[in-house]
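Notes for the one structure printed next.
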Amino acid sequence: VADLNTAVVRMLARADAQNHEEALKIIPDRVHPAFAGHLIMAEELLKAWNARPVVSEVAIDASGSRPVVSAADHAQVTELSAASGLAWTQLDDALPLPFAAWNKGKGDGPLSLVFNSSDVAEALNEEGLRVTGLKDGVYSLKIDGEDAGTFNNDRLAQGINLGLLSTPMAKQAKKVYDLTVSHCDLHNNRWRTIQVPLADYDFQQSTPAMDALDALEREVVARRKQAAQPVPHHFTLTPVA
């Protein structure tokens, strides 16, 4: 059983306590949840299906003369070095959900409030990185040369969730999400604009039109599968001067 009500009600109560006006936007017409509300419903469905909460978990110990990988769950870490700060190559076996892109681009619901009022990140999008043994200071994390954030040594020792950040992995996942939306839109439009409303008419082009949309949908799905394959990424962690 997937209970799509209890978790949403619990999240709404917490959100309302934090920001009443923003909480009203989660279900703006009091019936249909916006994207933010649907995310919690999706969480409960995926929990019922025993979805894996961990995208990947990597831990690096930099306390010795040479850094070592102390943990790598659902990930492969290679080429670890400390020539100039820390650097390594990492290949996860899954992509995160594009939380940062959704939070920036969705205007129909306060995602950040929902993130803070629920356990959706822990339940679905744990992409952990923990680095211990660093000298006191602030460090810049880059992935494939792109800034991912700055963190002090204590924060890195506690661990950060890359699934909440704008990373190359999240950007790749956003492309997969966009192709998923296109796949659903194509299927829905075929059904709602041709198959059902024109069923009583003998239009010669109805079947070819649906066949063409089906072919395009198959192409989109194939491209989505290709886009969803994880690729290696180069990480660097360097002190901020």
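I need the calculated FRET efficiency for the pair ASN161 and ALA222, taking r as the beta carbon distance and R₀ as 22 Å, to the nearest 0.05. In this case the efficiency is close to 0.10.
Residues of segment 33-60 with an amide N closer than 16 Å to a point placed 7 Å from the Cα of ASN19 along the Cα-to-Cβ direction: 34-37.
With a simple spin-label model that places each label point 7 Å from the Cα along the Cα-to-Cβ direction, the separation between GLN204 and VAL9 comes to 5.9 nm.
Dipole of segment 99-241 computed with +1 at Lys/Arg Cβ and -1 at Asp/Glu Cβ about the Cα centre; of LEU165, VAL114, TYR177, farthest Cα towards the positive end is LEU165.
Rolling a 1.4 Å probe over the protein heavy atoms leaves HIS20 with an accessible area of roughly 90 Å². The residues of the chain have, on average, 57 Å² of accessible surface per residue, using a 1.4 Å probe with all protein chains present.
At full extension, LYS47 and ASP119 could sit 24.8 nm farther apart than now, given 0.36 nm per residue minus the alpha carbon distance. In the chain, the calculated helix contribution to ellipticity at 222 nm averages -12500 deg cm²/dmol per residue, counting -39,500 (n - 2.57) for every DSSP H run with n ≥ 4. When VAL54, VAL69, VAL31 are compared by accessible area at a 1.4 angstrom probe, the order from most to least is VAL31, VAL69, VAL54. Using R0 = 41 Å, the C-beta based FRET efficiency linking SER84 and LYS104 works out to 0.85. Charge tally for PRO230 (other residues, Cβ to Cβ under 10 Å; Lys, Arg +1; Asp, Glu -1): -2.
In the structure displayed, which of LYS142/LYS175; LYS47/LYS171; LYS25/LYS142 lie more than 28 Å apart, Cα to Cα? LYS25/LYS142, as the Cα separations exceed 28 Å there. Let me make sure I get this right: for segment 1-142, a, b and c are the square roots of the gyration tensor eigenvalues over alpha carbons, sorted descending. Under 1.5 in a/c it's rounded, otherwise prolate if a/b > b/c, else oblate. Which is it? Prolate.
What you get for the chain, charging only the Cβ of Lys and Arg (+1) and of Asp and Glu (-1), is a dipole of about 300 debye around the Cα centre. Taking a point 7 Å from the Cα of ASP214 along the Cα-to-Cβ direction, the residues of segment 172-200 with backbone N closer than 19 Å to it are 183-200. Overall, the accessible surface of segment 111-195 at a probe of 1.4 angstrom is composed of carbon and sulfur to the extent of 48 percent.
Normalised by the number of residues in the chain, the mean separation of alpha-carbon contacts (under 8 Å, six or more apart) gives a relative contact order of 22 percent. Phi-derived couplings, Karplus 6.51 cos²θ - 1.76 cosθ + 1.60 at θ = phi - 60°, listed residue by residue for segment 145-157: x, 9, 5, 10, x, 10, 9, 7, 5, 5, 5, 5, 5 Hz, with x used for Gly and Pro. The order of THR238, THR167, THR150 by accessible area, most exposed first and with a 1.4 Å probe, is THR150, THR238, THR167. Of all beta bridges that DSSP places with both ends in the chain, some 80 percent have antiparallel geometry. Ranking GLN229, LEU86, ALA2 by Cα position along the charge dipole of the chain, where only Lys, Arg, Asp and Glu carry charges on their C-beta atoms, puts LEU86 farthest toward the positive end.
Paramagnetic label reach from VAL231 (point 7 Å along Cα→Cβ; backbone nitrogen cut-off under 16 Å): within segment 162-191, residues 167-177.
By a 1.4 Å probe calculation restricted to protein chains, LYS225 has an accessible surface near 140 Å², given to the nearest 10.
The values are calculated or read from the model by the stated rules, or taken from the named source; none is laboratory data. A quick note: this is a predicted structure, and the numbers were derived from the prediction, not measured. We place every Cβ from the backbone using ideal geometry, glycine too, and count neighbours over all the protein chains shown. Areas reflect the complete protein model, heavy atoms only, side chains present, ligands, DNA and RNA absent. Shrake-Rupley method; radii C 1.70, N 1.55, O 1.52, S 1.80 Å.
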